[in-house]
Amino acid sequence: MRFSETRKAILDIVSDDHRNPLVEFAARNSTAKVSLENNKPLYLLGEKIVTTSSSNQKRTLQCSGAISVSVGDVKASKEIEFSVQKSADGKLSVSVTPFQF
């Protein structure tokens with residue numbers, strides 16, 4: 001599985017979720033006033049990704065890692081869990097477990 005393709009898919013999934021609880025958490029716990037309408041969230045997936053389980057039969061990896069968001073001067077980080085599955089034709093399918101707060 002190509003790591004860069006997986007990282008991009010994870011960041012796309014999270015950033016496309018406009019009701020993302022990580023952004024709301026950052027804004028809610030900030031001492032600064034953050035306008036989500038005027039500031040685009042910037043996401044960063046940490047370098048360290050841990051495989052928590054794998055299935056050769058299903059060609060699936062369960063993984064976790066740290067993801068951070070910055071909105072203006074506000075930042076928040078959270079552990080993210082996701083799965084990556086490679087189909088027989090080589091296509092990757094990535095799914096992200098919703099954040100728990």
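The values are calculated or read from the model by the stated rules, or taken from the named source; none is laboratory data. Owing to the predicted nature of the structure, the values given are computational and were not obtained by experimental measurement. All Cβ positions, glycine included, derive from the backbone under ideal geometry; neighbour counts span all protein chains shown.
Which of the residues belonging to region 8-29 are touching a residue at least 60 places away in the same chain (Cβ under 8 Å), closer than 15 Å to Ser70 by Cβ and in a helix (DSSP H, G or I)?
Residues satisfying the conditions are Val14, Leu22, Phe25.
Specify the residue that is nearest to the chain's Cα centre (by Cα); the eligible residues are those in region 78-101 that are modelled with pLDDT under 90 and surrounded by 13 or more Cβ atoms within 10 Å (Cβ to Cβ).
Phe99
Being at pLDDT below 85 and among the β-branched types (Val, Ile, Thr) is the filter; apply it to region 1-43 and report the residue that is surrounded by the most Cβ atoms within 10 Å (Cβ to Cβ).
That would be Val23.
Identify all residues within region 55-69 that are surrounded by 13 or more Cβ atoms within 10 Å (Cβ to Cβ) and free of Cβ contacts under 8 Å to residues at least 40 places away in the same chain; write none if there are none.
Hits for region 55-69 are Arg59, Thr60, Gln62, Cys63, Ser64, Gly65, Ala66, Ser68.
For a quick check of your reading of the model, give me the residue pairs whose first member lies in region 73-101 and is in a strand (DSSP E or B), whose second is acidic (Asp, Glu) and at pLDDT below 90, with beta-carbon atoms closer than 7 Å and at least 6 apart or on different chains.
These pairs meet every condition: Leu92/Glu5.
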